[in-house]
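So the structure is just underneath, and the comments pick up after that.
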Amino acid sequence: MIAPSILSADFARLADEAVAVGPAADRPGSDWLHVDVMDAHFVPNLTLGLPVVKSLRAATDIPLDCHLMIDDPDRWAPPYAEAGATNVTVHVEAAHEPVMLAKNLRAAGALAGLAIKPNTPLDPYLEVLRHYDTLLVMSVEPGFGGQSFIPEVLDKVREARRLVDTGHLKLIVEIDGGINADTIAEAAEAGVDCFVAGSAVYNADDPGRAVEALRDTVRHSAPQRWEG
């Protein structure tokens, strides 16, 4: 799955930028559209919030993958699910009651995602992850786009992949940060299912074709797991 991040898009033209990575006559388009929500508290950046997500939901049929880099997601995350987001991801470092939050997100109609920062270990949260549908492994420090990929996080991806393949967890393994033509193959080989790419898509002359190029790289890097 390829999920372009609108953090790297033109905020004045978000509806058009969604169309640019959507389906076309010669390509299926993006699987998800990644929406980075930041509150200038949990991370040192301020982006967009619920009103923009509601507007995007009305402007595109691409499933919205909302990544909430915010304080107190227990309170603020469920409305994103209610607004029609397909997947709502919260940070384990910010959630007070992550198991209950996962249940609330699902009850509101979304998949529940749990994100971990590059320096956050996976092991303490394995039981919590049994309640989640997606695991988002951050491969940069959350807050700003255009950062360099941190390859050490792939150890966590490999462990998550092993647990999924052996049936101990049932979730989508997602990665976000520094994903481009040079890093996506390594991430695919480690076991990632869903790849968030911002600059690699929206800095390209043709964002839609950039999505397809990334998908082709995944297809060739992990053909045994390619399903579509």
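Every number here is computed from the coordinates shown, using simple stated rules; none is lab data. Remember, it's a predicted structure, so these values are computed and weren't measured experimentally. Because the Cβ atoms are built from the backbone with ideal geometry, glycine has one as well, and the counts that use them run over all protein chains shown.
Give the long-range amide H neighbours of residue 111: residues separated by 5 or more places, or on another chain, with amide H under 5 Å away, using H modelled in the peptide plane at 1.01 Å from N.
Amide H neighbours of residue 111, under 5 Å, 5+ apart: 87, 88.
Ordered by residue, what ³J(HN,Hα) values in Hz, to whole numbers, does region 8-22 give under the Karplus form 6.51 cos²θ - 1.76 cosθ + 1.60, where θ = phi - 60° and Gly and Pro are x?
Once θ is set to phi - 60°, the couplings for region 8-22 become 9, 8, 7, 5, 7, 9, 4, 4, 5, 5, 5, 4, 4, 10, x Hz.
Suppose the chain between residue 72 and residue 206 were pulled fully straight at 0.36 nm per residue; how much longer would it get relative to their current alpha carbon spacing? Can you show the working numbers first?
On the way: separation 134, 0.36 × 134 = 48.24 nm, distance 3.74 nm.
Extending this stretch completely gives an extra 44.5 nm.
List the relative contact order of region 2-225 as a percent without decimals, with contacts defined as Cα pairs under 8 Å and 6+ residues apart. Don't jump to the answer; show the numbers that get you there.
Details: 455 pairs, mean separation 42.3, N = 224.
RCO, region 2-225: 19 percent.
Kindly identify region 10-86 as rounded, prolate or oblate by the Cα gyration tensor criterion: order the square roots of the eigenvalues as a ≥ b ≥ c, call it rounded if a/c is under 1.5, otherwise compare a/b with b/c, prolate if a/b is larger, else oblate. List each step's numbers first, then the result.
Working: a/c = 2.36, a/b = 1.83, b/c = 1.29.
Prolate, because a/c is 1.5 or more and a/b exceeds b/c.
Skipping prolines and chain starts, which residues have an amide H placed within reach, meaning under 5 Å, of the one on residue 91, given they are 5 or more residues away or on another chain?
The list, which skips near neighbours in sequence, is 70, 115.
Would you mind putting 181-188, 28-35, 6-13 in packing order, based on average other-beta-carbon counts within 10 Å, highest first?
Taking the mean over residues of other Cβ atoms within 10 Å, the ranking is 28-35, 181-188, 6-13.
Kindly identify region 47-150 as rounded, prolate or oblate by the Cα gyration tensor criterion: order the square roots of the eigenvalues as a ≥ b ≥ c, call it rounded if a/c is under 1.5, otherwise compare a/b with b/c, prolate if a/b is larger, else oblate.
Details: a/c = 1.87, a/b = 1.20, b/c = 1.56.
Oblate is the answer for region 47-150, as a/c is 1.5 or above yet b/c matches or exceeds a/b.
Diagonalise the Cα gyration tensor of region 3-55 and give the resulting equivalent ellipsoid semi-axes, square root of 5 times each eigenvalue, largest first, whole Å.
On the way: eigenvalues 117, 24, 16 Å².
Listed largest to smallest, the semi-axes of region 3-55 are 24, 11, 9 Å.
Can you run phi through the Karplus equation (6.51, -1.76, 1.60; θ = phi - 60°) for region 51-63 and list ³J(HN,Hα) in whole Hz, with x for Gly and Pro?
3J(HN,Hα) across region 51-63, in whole Hz: x, 5, 4, 4, 5, 4, 4, 7, 9, 8, 8, 5, x.
With Kirkwood radius over Cα pairs in Å in mind, check [x] 19.3; [y] 18.1; [z] 17.3 and report the label derived from this structure.
Structure-derived value, by its label: [z].
Per-residue HN-Hα couplings for region 153-168, Karplus 6.51 cos²θ - 1.76 cosθ + 1.60 at θ = phi - 60°, whole Hz, x for Gly and Pro?
Couplings: 5, 5, 4, 5, 4, 4, 5, 4, 4, 4, 5, 5, 5, 8, x, 6 Hz.
Around residue 172, which amide H atoms from residues at least 5 apart in sequence, or from another chain, sit under 5 Å from its own amide H, with H modelled in the peptide plane?
134, 135
What does the charge dipole of region 127-204 about its Cα centre add up to, to the nearest 20 debye, if the Cβ of each Lys and Arg holds +1 and the Cβ of each Asp and Glu holds -1? Don't skip to the answer; put the middle values down first.
Values: 6 positive and 13 negative charges, 38 e Å.
Result for region 127-204 is approximately 180 debye, rounded to the nearest 20.
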